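One structure is given here, and the rest of the page talks about it.
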Amino acid sequence: MGRYFYTTPIYYVNDVPHMGHAYTTLNGDALARWRRLHGDEVFYLTGTDEHGLKVQRAAEQNGLSPQEQADRTSKRFREAWDLLDIAYDDFIRTTEPRHHTAVQTLLERCYENGYVYKDTYQGAYCVSCEAYYAEADLIDGNCPIHGFPVEQMSEDNYFFRLSAFRDRLLEWFEDVPDNITPERYRNEARALVRGGLEDLSITRTSLQWGIPVPWDSKHVFYVWYDALTNYATAAGYGTDEDRFATWWPAVRHLLGKDIIRFHCVYWPAMLMAAGVEPMPRFHVHGWLLVSGAKMAKTSVVQIAPRDLADSIGVDGLRYSVLRDNPFGPDSDFSYEALVQRCNSDLANGLGNLLQRVTTIVARSDGSVGTAPDPGSPLAATAASAYEATAAAWARVQPSVALEETWRLVRETNEYLQDRQPWKLEAGAELDTVLGDALEALRIVAVLAHPAIPRSCAEVWRRIGLDGDPAQARLPEAARWGQYPAGRTVTLGDPLFPRVAVD
Ligand code: MSP
């Protein structure tokens with residue numbers, strides 16, 4: 001049995017949840033569900049990043065206190081994740097007492113180890129990034145990420161001796177060849193380290209909305225120092241050392257490519273400075289870029305998950321996002337593509353398969369399902385679909401995993417097309433074909449559970465099985481031949497109604 005601690009970035013509460021946030025969170029949820037199906041111990045963490053200038057300014061604009069702004073928006077994130085059936089195990093808020101304790105503990109360890117000192121800082125600051133930039137990194141005097149003008153700031157700050165970690169970070173890259181996946185982002189992070197590291201100012205006096213430095217209350221922590229520590233907080237750092245020792249070695253951070261520098265350079269250095277081992281693993285993804293007529297004038301950050309779920313269903317959204325936007329590269333995101341994917345794979349694919357099979361069984365006496373043929377040609381398809389699906393999840397490639405699972409859906413539909421059970425008289429041949437199709441549906445319901453949990457539970461119920469595919473255990477559950485004869489099969493409305501592109 002393995003142990004997996006998956007995390008998403010914690011989202012800023014100056015903004016409401018959008019499809020960019022949903023993308024990371026859905027991928028994490030699916031990965032966590034896939035591991036749970038193997039009986040692994042899983043801890044899936046998400047949450048909100050509630051301190052800093054950006055949040056303080058958003059609160060001012062909305063006429064709220066920063067805490068009120070954080071409370072309202074954090075709730076919106078939880079509502080969005082509930083709507084999308086995100087089964088997180090913990091939702092961390094950086095305003096919680098456990099997090100204050102962890103941040104202060106981490107700082108104290110870095111301080112004791114000689115990696116924190118006080119100095120004056122002057123530089124160009126981007127409020128959207130919540131980061132200082134060297135003049136050389138600016139583009140026409142603007143932030144290289146956001147393109148907005150930066151602000152000149154000068155402060156007496158505590159500094160983190162990041163420059164001391166260049167060699168140790170490079171060693172870590174040498175020692176752990178898959179510390180960051182995919183490779184292109186690993187190369188990017190390594191180039192940042194090779195390029196040289198300047199010490200990092202980690203406290204602010206110009207800001208009130210943050211966690212106070214324990215021995216110097218004029219200072220609050222820089223929001224990134226505070227935010228990155230959330231992953232350790234949730235594992236018990238500073239509050240429950242046994243728990244931390246259990247979960248920390250299993251940590252895997254999911255993040256977008258925009259925050260590589262903070263996660264893959266600063267955070268490992270902070271952990272090294274505090275004496276925390278081992279280093280996390282990182283899985284980085286690209287950006288969703290909007291194309292297509294319906295969304296042409298918007299960006300992903302303007303699309304609320306709820307709006308899409310209302311038109312294509314929660315599972316339609318979950319499936320098409322995971323299937324069509326491979327984890328790693330940037331990818332096009334369009335309403336037309338989402339609808340097309342739902343119609344082809346869900347309505348015409350899985351939905352049609354379920355409808356065909358349950359309709360024919362419902363015509364038989366007592367609506368009773370039959371057992372599969374151990375020598376069915378679909379047995380080999382199911383075995384290879386599971387192998388390929390599992391390999392893809394292990395490589396953090398949900399889109400490939402679903403493509404492989406859907407090979408079983410497609411081949412089962414083709415098998416029915418070939419055997420034409422709707423033309424067969426009652427008898428052994430019909431029983432075999434139906435038993436095979438029911439068994440394929442059972443296996444698909446398990447393999448597709450991480451992407452479309454609600455629909456898989458409904459497939460399970462309609463083919464007469466007890467419980468929920470979430471309780472199935474892989475790899476045993478993928479073995480051909482387990483659908484039991486004698487279960488009552490239920491016919492219902494199409495599982496995935498076709499969606500019209502309007
Ligand atoms: N609060 C920081 C993260 C701190 S983690 C210790 C932050 N928050 S954020 O609200 O801006 O969310 C950033 C994350 O949202 C990105 O890393 C990425 O995971 C996701 N996305 C935001 N826009 C995105 C797209 N357009 N496409 C894909 N994901 C993007 O940064």
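Any chance you could count how many residues in segment 470-502 are assigned to a helix (DSSP H, G or I) and under 17 Å from A437 (Cβ atoms)?
Counting residues in segment 470-502 that are assigned to a helix (DSSP H, G or I) and under 17 Å from A437 (Cβ atoms) gives 1.
I'd like to know if segment 218-227 contains one or more residues that are among the β-branched types (V, I, T), within 16 Å of F165 (Cβ to Cβ) and away from the ligand (no atom under 13 Å from the Cβ).
Checking segment 218-227: not a single residue is among the β-branched types (V, I, T), within 16 Å of F165 (Cβ to Cβ) and away from the ligand (no atom under 13 Å from the Cβ).
Being over 18 Å from the mean Cα position of the chain (by Cα), among the small types (G, A, S), closer than 30 Å to A391 by Cβ and at pLDDT 95 or above, is that true of even one residue in segment 19-29?
No, segment 19-29 contains no residue that is over 18 Å from the mean Cα position of the chain (by Cα), among the small types (G, A, S), closer than 30 Å to A391 by Cβ and at pLDDT 95 or above.
Select from segment 165-187 the residues that are surrounded by fewer than 18 Cβ atoms within 10 Å (Cβ to Cβ) and farther than 29 Å from Y117 by Cα and list them in ascending order.
E174, D175, V176, P177, D178, E183, R184, N187 - these are the residues of segment 165-187 that are surrounded by fewer than 18 Cβ atoms within 10 Å (Cβ to Cβ) and farther than 29 Å from Y117 by Cα.
Would you call H263 within 14 Å of the ligand (Cβ to nearest atom), part of a strand (DSSP E or B) and closer than 21 Å to V103 by Cβ?
no
Regarding E404, is this residue within 21 Å of C456 (Cα to Cα) and surrounded by fewer than 17 Cβ atoms within 10 Å (Cβ to Cβ)?
It is false that E404 is within 21 Å of C456 (Cα to Cα) and surrounded by fewer than 17 Cβ atoms within 10 Å (Cβ to Cβ).
Quick check on my filter: what residues within segment 80-126 are surrounded by 18 or more Cβ atoms within 10 Å (Cβ to Cβ) and over 29 Å from Y44 (Cα atoms)?
Those that are surrounded by 18 or more Cβ atoms within 10 Å (Cβ to Cβ) and over 29 Å from Y44 (Cα atoms): Y111, Y115, V116, Y121, A124, Y125, C126.
Among the residues of segment 1-41, which ones are near the ligand (Cβ under 9 Å from one of its atoms), in contact with a Lys or Arg (Cβ under 8 Å, 6 or more places away or on another chain) and part of a strand (DSSP E or B)?
Hits for segment 1-41 are T7, Y12.
Within segment 447-469, can you find the residues that are farther than 17 Å from A371 by Cα, free of Cβ contacts under 8 Å to residues at least 40 places away in the same chain and part of a loop (DSSP other than H, G, I, E, B)?
G467, D468
Only one of (1) more than 9 Å from the ligand (Cβ to nearest atom); (2) hydroxyl-bearing (S, T, Y); (3) in a helix (DSSP H, G or I) is not met by Y44, so which one is it?
(3)
Working carefully through the options Q69, Q56, find the one that is touching a Pro at 6+ places or on another chain (Cβ under 6 Å) and either surrounded by 19 or more Cβ atoms within 10 Å (Cβ to Cβ) or not polar (S, T, N, Q) (or both).
Q56
Between a first residue in segment 217-246 that is farther than 24 Å from R204 by Cβ and at pLDDT 95 or above and a second residue that is away from the ligand (no atom under 16 Å from the Cβ) and outside any helix (DSSP H, G or I), which pairs have beta carbons less than 6 Å apart while being 6 or more apart in sequence or on different chains?
R243/G236; F244/G236
The values are calculated or read from the model by the stated rules, or taken from the named source; none is laboratory data. Note that the structure is predicted; figures quoted are calculated from it, not measured. FYI the Cβ positions are ideal-geometry reconstructions off the backbone, even for glycines, and counts take in every protein chain you see.
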